[in-house]
Ligand code: CTP
Ligand code: ZN
C-alpha cells in the first residue's frame, strides 16, 4: 500500500450507476458484451483489468454511469464471473451491494450451439440451460457449453 492516496486511484468513483467488482480477471470485455456496451451508445464506462485484489489476486472491474442491471444480465454475468459483486451507487454512495448468485437454470439468455436443437429451429421454444459447476447443459438436447460460453450469450 502506498501512503499517498493519489497513487492508489486507478478508476475514479462514479456518481449514479453500477459498479461490478471482483470480476474474474480477463472477463471485463465479456461483461461489457453482456450489458450490450460497445461504446457506440455513448455510455460513460470505466474498466479496470487485472488490477490487484486481496480476495482474488487479480480482478477486473466495470463501472457504468447511469445504469442498473436486469436480473437476466446478472444471471449471465454469474456464469462468467461467479465472485462478482454488484454495487448500486446513488449520489456517490454505495446504497446496495450484492454478490451474484448462480441460478439453477437460465432461460432465454444463451443460444444452443446445436443446429438441430428444438430451441434453434425458429419454433417458439425459449432456450433453457441447467447450470452445472463449470458448464451449462441444454435441457432439450444435452449439449454442454463450457469454454465458449461468452460466444453463446444472447441477452
Ligand atoms: N465505488 C465507485 N464509486 C462510488 C462508490 C464506490 O466506483 N461512488 C466503487 C469502489 O471503488 C469499489 C466498489 O464501488 O470498487 C465498492 O465500493 P465500497 O463498498 O465502498 O468498497 P469496498 O468496501 O472495498 O467493497 P468490497 O467490500 O465489496 O470489496
Ligand atoms: Zn440444445
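Any read-out appearing in this document is the output of simple, stated calculations on the displayed coordinates, not a laboratory observation. All values reported here derive from a predicted model rather than from experimental measurement. Here Cβ is always computed from backbone atoms with ideal geometry, including for glycine, and neighbour counts include all displayed protein chains.
Annotations
- Qualifying residues in region 118-135 (those that are in contact (Cβ under 8 Å) with a residue 24 or more places away in the chain and touching a helix residue (DSSP H, G or I) at 6+ places or on another chain (Cβ under 8 Å)) - the one surrounded by the fewest Cβ atoms within 10 Å (Cβ to Cβ): 131
- Flag if residue 99 is surrounded by 11 or more Cβ atoms within 10 Å (Cβ to Cβ) and more than 17 Å from the chain's Cα centre (by Cα): no
- If you go through region 120-153 and keep only what is farther than 23 Å from residue 35 by Cβ and assigned to a strand (DSSP E or B), you end up with 130, 137, 138, 144.
- Listed by position, the strands (runs of 3 or more DSSP E) inside region 69-117 whose residues that are in contact with a strand residue (DSSP E or B) (Cβ under 6 Å, 6 or more places away or on another chain) and either within 21 Å of residue 27 (Cβ to Cβ) or in contact (Cβ under 8 Å) with a residue 60 or more places away in the chain (or both) number at least 3 are 85-90, 93-99.
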